[in-house]
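Colleague: One structure follows; several queries about it will come next.
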Amino acid sequence: MRRPFARSWTGVLATAAAAAALPLASPVPASADSVIVGGSPVKVSESPWVVALSSRDRFGGTRSGQFCGGVVTGSTTVLTAAHCMSEDVLGAPLDRVTDLKVIAGRGDLGTSEGKEILVSHVKINPEYDAHSNSGDVAALTLAEPLPEGYVLPMAGEGDPAYKPGTQADVYGWGDTTGAGDYARTLHAAQVRVLSDAVCEKAYPGSTDGTYKAKTMLCAGEMLGGRDACQGDSGGPLVAQGRLIGLVSWGSGCGRPGSPGVYTRISDVPRVLRARA
Ligand code: ARG
């Protein structure tokens, strides 16, 4: 998913992506109904755990200030990517962003449906390594609880949903073409979990990042086409009704041989998990 943003935003994203992924440099193979790169629009009412992260101060109001995705894992807990909280992405240190919000129940960012909830606390994974992109997760605490129906269960270690070949869906409001066409409405694309051997071969180590099987998984289609993209970061990868990954990085979007890389949820440290 990619989104149509103001130029400044694209610039910010591109900067953020420079560490995490090759940004918008090369064309993505055309796909029939490309949205979130090769996906299609979905109703937020059917996937209420997908949320948008917003700061109108930093990103303007056109798309409700959306700049990353997130997922509800507890009534007051949202997980997102650690890199979404970086100065590279925000354009300012996190403590200077005073209007950081989570938007739930709003599929179309041009409307005022759903709820906007202030983030009262941000906990960045102490093991996050911006160089390799390992451990790319942060937990946001909400100032008010969401109903239990918003919560998506998390996969644990050894969950069968991690088996290579498993079908999974990735959600977001990000770039739908790789050329900075940010979506106004929520999109999802179906991808497949790939084996660690395939992921290691795709990303043996470069400026984009290095694949680490312990903390990451990768997913996509060998022929490319369907993938997450800039602006989708922090959003959920869901298989068999459970959260298995968070959009983290990749080389371009939807390119053959360059699958999307996700934060492995089963490896998220306890301190970032919601209390029961
Ligand atoms: N780093 C990007 C972001 O901040 C997400 C990139 C995901 N790329 C991919 N090809 N799956 O939004």
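Colleague: Considering only Gly91, Thr80, Gly69, whose Cα is most displaced toward the positive end of the charge dipole of the stretch 53-98, charges sitting on Cβ of Lys, Arg (+1) and Asp, Glu (-1)?
Modeller: Of the options given, the answer is Gly69.
Colleague: Here's a follow-up. At q = 0.08 Å⁻¹, work out log10 I(q)/I(0) for the chain with the Debye formula, treating every Cα as an identical point scatterer and leaving solvent out; two decimals please.
Modeller: The computed values of log10 I(q)/I(0) come out as -0.25.
Colleague: Report the extension gain between Arg56 and Leu118 in nm, rounded to one decimal, defined as 0.36 nm multiplied by the number of residues separating them, less their alpha carbon distance.
Modeller: Values: separation 62, 0.36 × 62 = 22.32 nm, distance 1.23 nm.
Answer, rounded to one decimal: 21.1 nm.
Colleague: What is the packing order of peptides 213-221, 63-71, taking the mean over residues of other C-beta atoms within 10 Å and listing the highest first? Mind dumping the intermediate values first?
Modeller: Numbers: 213-221: 23.0, 63-71: 26.8.
Put in order of decreasing packing, that is 63-71, 213-221.
Colleague: In nanometres, what is the gap between the two model label sites at Lys214 and Arg96, each 7 Å from Cα along Cα-to-Cβ?
Modeller: My value for the distance between the label points is 3.5 nm.
Colleague: Around Leu118, what is the net charge, scoring Lys/Arg as +1 and Asp/Glu as -1 over all other residues with Cβ under 10 Å from its Cβ?
Modeller: -2
Colleague: From the phi angles alone, apply the Karplus equation (6.51, -1.76, 1.60; θ = phi - 60°) to the stretch 55-70 and give each ³J(HN,Hα) in whole Hz, x where the residue is Gly or Pro.
Modeller: Residue by residue, the stretch 55-70 yields 8, 5, 4, 7, 10, x, x, 3, 10, 6, x, 5, 9, 7, x, x Hz.
Colleague: Please work out the C-alpha center-to-center distance from the stretch 33-74 to the stretch 88-124 and express it in whole Å.
Modeller: Using only Cα atoms to place each centre, the spacing works out to 11 Å.
Colleague: Calculate the dipole size of the chain relative to its Cα centre from +1 charges on Lys and Arg beta carbons and -1 charges on Asp and Glu beta carbons; express the result in debye to the nearest 20.
Modeller: 100
Colleague: Using 7 Å Cα-to-Cβ label points, what is the Leu223/Arg270 separation (nm, one decimal)?
Modeller: 4.7
Colleague: Please list the non-local residues whose amide H lies under 5 Å from the amide H of Gly245, H modeled 1.01 Å from N, same-chain partners needing a gap of 5 or more.
Modeller: Leu237, Ile265
Colleague: Further question on the same structure: For Lys43, list the aspartates and glutamates whose Cα falls under 13 Å from its own Cα; do not include residues on the same chain fewer than 8 positions away.
Modeller: Cross-link targets: Asp108, Glu113.
Taken together, the values in this text are just the output of simple stated rules run on the coordinates, not laboratory data. All of these numbers come straight from a predicted model, not from anything done at the bench. Cβ sites come from the backbone with ideal geometry, for glycine too, and all protein chains shown count toward neighbours.
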